[in-house]
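The values are calculated or read from the model by the stated rules, or taken from the named source; none is laboratory data. None of these values were measured; they are calculated from a predicted model. FYI the Cβ positions are ideal-geometry reconstructions off the backbone, even for glycines, and counts take in every protein chain you see. Protein only, heavy atoms only, side chains kept; ligands, DNA and RNA dropped before computing areas. Shrake-Rupley method; radii C 1.70, N 1.55, O 1.52, S 1.80 Å.
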Amino acid sequence: MEVVIQHSAADIAALVADEIEKLLAAKPDAVLGLATGSSPLAVYDELVRRHEAGRISFARARGFMLDEYVGLPDDHPERYRNVIEREIASRVDFAPGAVQGPDGNSEDLLGACEDYEADIAAAGGVDLQILGIGTDGHIAFNEPGSSLASRTRIKTLTSQTRTDNARFFDGDVERVPRHCLTQGLATIMSARHLVLIATGTGKAEAVHQLTEGPVSAMWPATVMQHHPHATVLVDDAAASRLQLGAYYREVFATKPAWQGL
């Protein structure tokens, strides 16, 4: 796992956009894993800027979402399919239907999970997966206690996650759904490159556990320590609990530019 410490979300976004631009130049039909939440927004804005400048095209690419709430109306602004459409898919040149998510309104939720796994496999798997991390160490909606071998499934959201996400529902935690469909930890680990973004002091403990703690289902993101190509990008605030922060800075400062993330 590589830990990259930057001064700001904009610096992080530029590095991640560089990696995605390089990937699409080499593989125009690449499969991207798209995350919701606050963490990737600066990345999406940077990708849109590069697309508008003619530097990058998503015309042949595909995208798969990490998760979806169960039971939100199709037109609800916080339904993750609508969030992804609003923040990135409609702002670049993805082909119609190129971005998929699990169906949180299916009459057969178990079947929807199985279908989603099959769709990802049929696309050849995810080349680069963008991730955020929750204050309790969850990635996607894999809450503490999640099986490290889990696949796409139904999950019950913790009170902490619902409280954290209430900001997207006018601060009313009762409006946050209690259930979701989420890619499992093993599904996420099948992606060829994991790129996790964390900013702010609120994520500092989770980042410390992710990178320097033991692998444990109590901190689900720690499974990434077993991935052959995982990159964790954090700002100074999110890095404030890192014991090896100075070392991580030295490693990245002396890394050959051609190597990328």
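Given a 1.4 Å probe, how much area per residue of the range 86-211 is accessible, in Å²?
So the range 86-211 comes to 40 Å² accessible per residue, rounded to a whole number.
Could you state how much accessible area residue 203 has, in square angstrom rounded to the nearest 10, with a 1.4 Å probe and all protein chains kept in place?
In the full protein context, residue 203 sits at about 40 Å².
Could you give the C-alpha radius of gyration of the range 21-112 expressed as a fraction of 2.2 N^0.38 Å, taking N as the number of residues it contains? Display every interim value, and only then the final one.
Numbers: Rg = 13.8 Å, N = 92, 2.2 N^0.38 = 12.3 Å.
Taking the Cα Rg and dividing by 2.2 N^0.38 Å, one obtains 1.13.
If each DSSP helix of 4+ residues adds -39,500 (n - 2.57) and the sum is divided by the residues in the chain, what number results at 222 nm, nearest 500 deg cm²/dmol? It would help to have the intermediate numbers written out before the result.
Working: 8 runs with 82 residues, N = 261.
Value at 222 nm, helices only, nearest 500: -9500 deg cm²/dmol.
Helix hunt in the chain: which complete DSSP H runs extend at least 15 Å axially by C-alpha with mean Kyte-Doolittle at least -1.0?
Values: long enough: 9-26 (26 Å, 1.07); 41-52 (17 Å, -0.52); 109-122 (19 Å, 0.44).
Sorted by number, the helices that extend far enough and score high enough are 9-26, 41-52, 109-122.
How much of the DSSP bridge set in the chain is antiparallel, in percent, rounded to the nearest 5?
Within the chain, antiparallel bridges account for around 30 percent of the total.
So how long is each side of the chain along the principal axes, counting just the alpha-carbon atoms, biggest first, in Å?
53, 41, 34
Grab every C-alpha pair in the range 60-108, bin the distances at 5 angstrom width from 0 up to the longest one, and report whole percents.
The percentages, shortest bin first, are 5, 21, 31, 23, 13, 5, 1.
Could you sort 208, 179 by accessible area so the largest value comes first, with the probe set to 1.4 Å?
179, 208
Please report, in debye to the nearest 20, how large the charge dipole of the chain is about its Cα centre when each Lys and Arg carries +1 at its beta carbon and each Asp and Glu carries -1 there. Could you put the intermediate results ahead of the total?
Details: 23 positive and 36 negative charges, 108 e Å.
For this selection, approximately 520 debye.
With the convex hull built on the Cα atoms of the range 54-179, state its orientation-averaged projected area in nm². Before the final figure, lay out the partial values.
Details: hull surface 35.0 nm².
Mean projected area for the range 54-179: 8.7 nm², to one decimal.
Provide the per residue accessible area, probe 1.4 Å, for the range 1-80, rounded to a whole number of square angstrom.
Working: 3230 Å² over 80 residues.
In whole numbers, the range 1-80 has 40 Å² accessible per residue.
Between the range 127-183 and the range 186-261, what is the C-alpha centre distance in whole Å?
Rounded to whole Å, the Cα centres lie 19 Å apart.
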